[in-house]
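> Here it is, the structure in full.
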Amino acid sequence: MVLAASPNKPLKKSKKKQVDHTALAISAATVAAELHHAELIAKRLTISAKNAAAIVLRAGSRAAGLSVIANFYDELANKTISLARSINGTAIQLSGVTVTEWRTSVAKQQITRAYETAEGTDHQASLEPFMLSVNDKFDRLESDFLELLKHLNEKLDEVQQHMRAIDVIAVTSRLEAQRTGEFKEGLMQMAENIQDQANQIKSLVANSITLLKL
């Protein structure tokens, strides 16, 4: 049902706090680039994990405790690669929503001006359904943008959790490596490399989280 417009009761304008979606979309694109770099590091991390697993296999029973740890490194690295790709996809979606939102904003301004110009005329009532429609679309786009932004932050936090887990595991790796005789040096070096790679990813993610702060 179309509501009749009254010259004395114009449609209310939204008073919601506006978020700078364009700036955030640009930040999201930067985040995608950062996470692409993180993905490349995570791929190197999987190689390090496989190298550690190979040393563990040669060490036999002396490195039994490190076998599970090496597999865990590999699992976390692969999860990080998957998350980095997902983050890139979400960033692309954010950009798409932002472009559509900008176009809708232009249409919204044009219809609003036409509506206000037609105040007190019969023509104003015919513009009301169009104005309501574009306002609804704009609100949906804003909601979609904020939802995507929320997912992006959640995925970044998940990557950080994986890297923090690697930090903890690296400590255990060094302790276990002490018992592996001639394999000790190689395993210690592997643990150092893995932790260094994890720290690089943590730094990239921390910077990304800062970029997305409202």
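> Given the conditions (1) farther than 30 Å from His123 by Cβ; (2) modelled with pLDDT under 90, report the number of the one that Asn8 does not fulfil.
Among (1) farther than 30 Å from His123 by Cβ; (2) modelled with pLDDT under 90, Asn8 violates only (1).
> Next question, about the same structure. For segment 107-117, indicate whether the set of residues that are closer than 30 Å to Asn199 by Cα and among the aliphatic types (A, V, I, L, M) is non-empty. Spell out the reasoning first.
Initial filter on segment 107-117 (closer than 30 Å to Asn199 by Cα): none.
Scanning segment 107-117, I find no residue that is closer than 30 Å to Asn199 by Cα and among the aliphatic types (A, V, I, L, M), so the answer is no.
> If you don't mind, another one. In segment 90-103, which residues are of a type in the set (S, T, N, Q), surrounded by fewer than 19 Cβ atoms within 10 Å (Cβ to Cβ) and closer than 10 Å to Leu141 by Cβ?
Scanning segment 90-103 gives a single hit, Thr100.
> Tell me the residue from Ser48, Ser27 that is at pLDDT 85 or above and in contact with a Leu (Cβ under 6 Å, 6 or more places away or on another chain), please. Walk me through it before giving the result.
On the way: Ser48 fails: in contact with a Leu (Cβ under 6 Å, 6 or more places away or on another chain).
Answer to the selection: Ser27.
> Is there a residue in segment 170-180 that is at pLDDT 90 or above, of a type in the set (S, T, N, Q) and loosely packed, with under 15 Cβ neighbours inside 10 Å?
no
> Still on this structure, I have one more. So how many residues does segment 112-129 have that are surrounded by fewer than 15 Cβ atoms within 10 Å (Cβ to Cβ) and free of Cβ contacts under 8 Å to residues at least 24 places away in the same chain?
Of the residues in that region, 7 qualify.
Listed here are the residues, each with its yes/no results for (1) touching a strand residue (DSSP E or B) at 6+ places or on another chain (Cβ under 9 Å); (2) without any contact (Cβ under 8 Å) to a residue 12 or more places away in the chain; (3) buried (at least 16 other Cβ atoms within 10 Å of the Cβ).
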| site | (1), (2), (3) |
| --- | --- |
| Arg140 | no, yes, no |
| Leu149 | no, no, yes |
| Ile166 | no, no, yes |
| Ala206 | no, no, no |
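> Another question, if that's okay. Based on this model, can you work out whether Thr104 counts as more than 20 Å from the chain's Cα centre (by Cα), closer than 19 Å to Asp144 by Cα and of a type in the set (S, T, N, Q)?
Working: more than 20 Å from the chain's Cα centre (by Cα): yes; closer than 19 Å to Asp144 by Cα: yes; of a type in the set (S, T, N, Q): yes.
When the stated conditions are applied, Thr104 passes them.
> OK, next. Contact list please: Cβ distance under 8 Å, first residue in segment 86-102 and touching a residue at least 12 places away in the same chain (Cβ under 8 Å), second residue of a type in the set (S, T, N, Q), pairs at least six apart or on different chains.
Listed pairs, sorted by first residue: Thr98/Thr22; Trp102/Thr22.
> Have a look at Leu94, Leu132 and point out the one that is of a type outside the set (Gly, Ala, Ser), in a helix (DSSP H, G or I) and at pLDDT 90 or above. First the steps, then the outcome.
On the way: Leu94 fails: at pLDDT 90 or above.
Sole residue among the options that is of a type outside the set (Gly, Ala, Ser), in a helix (DSSP H, G or I) and at pLDDT 90 or above: Leu132.
The values are calculated or read from the model by the stated rules, or taken from the named source; none is laboratory data. Computed from a prediction, not measured in an experiment: that's the story for all the values here. Here Cβ is always computed from backbone atoms with ideal geometry, including for glycine, and neighbour counts include all displayed protein chains.
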